[in-house]
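Just below is one structure, and these are the notes that go with it.
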Amino acid sequence: MRADLLIAEAAIELIPPELWRESDVVAYCTKRRKDVRWTLLDSSYHHRAMARLRERQKRGRPDLVHFILLEALGSPLNRAGLLQAHVHTRDGRWIRINPATRLPRVYERFKGLIEHLYRHGRVWSEDGTALLEMEVIGLKELLERLGPSRRVLLHEAGAVIDDEAIRRYASSGSVTIVVGGFPHGDFSPHVLELVDERVRVSDYRLDAWVAVSRALCLFERALLQP
């Protein structure tokens, strides 16, 4: 069985042009000697400027994606070669992550890596291996490209996932686990329409990276334990 982890509507994007002249954006880029055209939007630094943006509550949180990817890439499921992680950003970009990638633990270095990816389309290792690749593609097309698999959305309103469900996914040959990469609000309607079912891993409301960690543990128990 193969599992794909897809971080959907990820709150990763470059600073939009309408904010380039905002004072806190200018100050941020000047202090760090960054080109505003290739700088990630980050609500921790650009909160005031973001007040003008549509759906601002779902934007400017690259740290959420960072946390989720650290959990996923460090998991036993990934190290066993049974997991492939993907990011689909709110601005319609697919980030493919080589399972062997070791992401920076420091958040600011992670942002620099993603800014490089936006600018150049790829991040290479020293030996010439592509670690991260970016492509403009719609979510529906991306899911189709991942192939026939059960599409399972981690959602607080879903049914509690159990061992029987895990066995059912395993028997299907592949599963795509979809998790939100945004801080507030719900998934857009088009995302909900593209999944087969919604599940939750706890009766408590969990941070996305915690939910992902628990979901991967369930799959590890089913697939890795004798």
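For the reader, a short list of remarks on this structure follows.
- Cα-Cα separations in segment 1-100 greater than 21 Å, expressed as whole percent: 42
- The charge dipole of the chain, taken about its Cα centre with unit charges on the Cβ atoms of Lys, Arg (+1), Asp and Glu (-1) only, comes to about 580 debye.
- Neighbour-limited loop hits for chymotrypsin sites (Phe, Trp or Tyr not before Pro), segment 1-71 (at most 15 other Cβ within 10 Å; DSSP other than H, G, I, E, B): W20
- Qualifying trypsin sites (Lys or Arg not before Pro) in segment 165-221, DSSP loop, other Cβ atoms within 10 Å at most 11: R205
- Principal-axis tilt of helix 23-32 within the chain, Cα atoms, nearest 10 degrees: 80
- Sorted ascending by nearby beta carbons within 10 Å, beginning with the fewest, H116, H46 become H116, H46.
- Filtered trypsin sites (Lys or Arg not before Pro), segment 98-150: DSSP coil and at most 15 other beta carbons within 10 Å: R102, R105
- Divide the volume of the convex hull around the Cα atoms of segment 17-56 by the residue count and you get 65 Å³ per residue.
- The chain: equivalent-ellipsoid semi-axes (sqrt of 5 x gyration tensor eigenvalues, Cα, Å): 31, 20, 15
- Think of each Lys and Arg Cβ as +1 and each Asp and Glu Cβ as -1; about the Cα centre, that makes the dipole of segment 99-166 roughly 300 debye.
Read-outs throughout are calculated quantities, based only on the coordinates presented, and are distinct from any laboratory measurement. Please read these numbers as outputs of a predicted model, since none were measured by experiment. FYI the Cβ positions are ideal-geometry reconstructions off the backbone, even for glycines, and counts take in every protein chain you see.
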